[in-house]
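Enquirer: Just passing along the structure, written as structure tokens.
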Amino acid sequence: MAINQAYLFLIFTLNGVLIGLLFDFFRILRKTFKTGNIATYIEDIVFWILSGISIIFFMYKFSNGSLRLFIFLGLCFGIILYILTLSNIIIKTSVKIISGIIKLLHKIWSIIIIPLKFIYKVIDKIIIRPGYIFSSKIQNFATKKLNKTKITLKKIKKIEKFVKKS
């Protein structure tokens, strides 16, 4: 009986460590990517849902759903043990790694974007600007022809009125 309780205490201590890791995962996300209040609230809700699922799963899997004080003590001990020993190391290391990856991706993007900008400038000079100039000239030509047609129609109407009066 005592061996079973010690086993359960150890299992729930490990569950507490897992919950601490999950908590640090969200802390790392917040330190790496600046999130707004709504995203923070959503992350908190997700954390508590996942923690609850983990605790319920471990309770049904290992203690047949029975609630004992040492189970909750094991959870608290695991969380405290993790936070006091590994939490700072994992957070600092993860933030440095993720920040390094982000900087590397920015550098790669800046290298990739240089030829794309050049290609865009060439296409702009060869196709887009001449096309714009050509289309604006066609538009001006069409507008002038339309105006001339309107003037001609007005003249025709005046002549028709004059002919009808005579």
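All of the numbers you see were taken from the coordinates with simple rules; none came from a lab. Being a predicted model, the structure only gives us computed values, none of them experimental. Here Cβ is always computed from backbone atoms with ideal geometry, including for glycine, and neighbour counts include all displayed protein chains.
Enquirer: Zone of Val95 (label point 7 Å along Cα→Cβ, backbone N under 15 Å): which residues in the stretch 18-48?
Expert: Correct set: 24-35.
Enquirer: Could I ask something else about it? Taking the highest mean first, how do the peptides 78-91, 19-32, 115-128 order by number of other beta carbon atoms within 10 angstrom per residue?
Expert: Result, highest mean Cβ count within 10 Å first: 19-32, 78-91, 115-128.
Enquirer: Same structure again: With helices defined as uninterrupted DSSP H runs, which ones in the chain have an alpha carbon span along their own long axis of at least 27 Å and mean Kyte-Doolittle hydropathy of at least -1.0?
Expert: Taking the DSSP H segments of the chain (at least 27 Å long, mean hydropathy at least -1.0), we get 2-32, 37-62, 87-123, 129-165.
Enquirer: Of Lys34/Lys107; Lys34/Lys117; Lys125/Lys145, which sit over 24 Å apart, Cα to Cα? Provide the component values of the computation, followed by the final result.
Expert: Numbers: Lys34/Lys107 20 Å; Lys34/Lys117 29 Å; Lys125/Lys145 29 Å.
Violating the 24 Å limit, Cα to Cα: Lys34/Lys117; Lys125/Lys145.
Enquirer: Suppose R0 equals 41 Å; then what is the FRET efficiency for Lys34 and Leu81 from their Cβ-Cβ distance, rounded to the nearest 0.05?
Expert: The formula returns an efficiency of 0.85 here.
Enquirer: Measuring from centroid to centroid over Cα atoms, what is the spacing of the stretch 103-145 and the stretch 21-86 in Å?
Expert: Measuring centre to centre over Cα atoms gives 52 Å.
Enquirer: So how compact is the chain: Cα radius of gyration and Dmax in angstrom?
Expert: Rg then Dmax for the chain, in Å: 36.8, 125.
Enquirer: If you don't mind, another one. In debye to the nearest 20, how big a dipole does the stretch 11-158 give about its Cα centre with +1 on each Lys and Arg Cβ and -1 on each Asp and Glu Cβ? Walk me through the numbers on the way to the answer.
Expert: On the way: 23 positive and 4 negative charges, 502 e Å.
That gives a dipole near 2420 debye.
Enquirer: By the scheme Lys and Arg +1, Asp and Glu -1, what is the net charge of all other residues having a beta-carbon under 15 Å from that of Ile90?
Expert: Values: positive: Arg27, Arg30, Lys31, Lys92, Lys96; negative: Asp24.
Spelling it out: positives minus negatives among the neighbours equals +4.
Enquirer: On to the next question. What shape does the stretch 45-92 have by the C-alpha gyration tensor, where a ≥ b ≥ c are the square roots of the eigenvalues, rounded means a/c under 1.5, and otherwise prolate means a/b greater than b/c and oblate the rest? Show your work: numbers first, answer last.
Expert: Working: a/c = 3.02, a/b = 1.60, b/c = 1.89.
Judged from the Cα gyration tensor, the stretch 45-92 comes out oblate (a/c at least 1.5, b/c at or above a/b).
Enquirer: Now, a different point. Order the peptides 40-46, 101-107 from the highest to the lowest mean number of other Cβ atoms within 10 Å of their residues. List each step's numbers first, then the result.
Expert: Values: 40-46: 12.1, 101-107: 10.4.
Ranked by mean Cβ neighbours within 10 Å, highest first: 40-46, 101-107.
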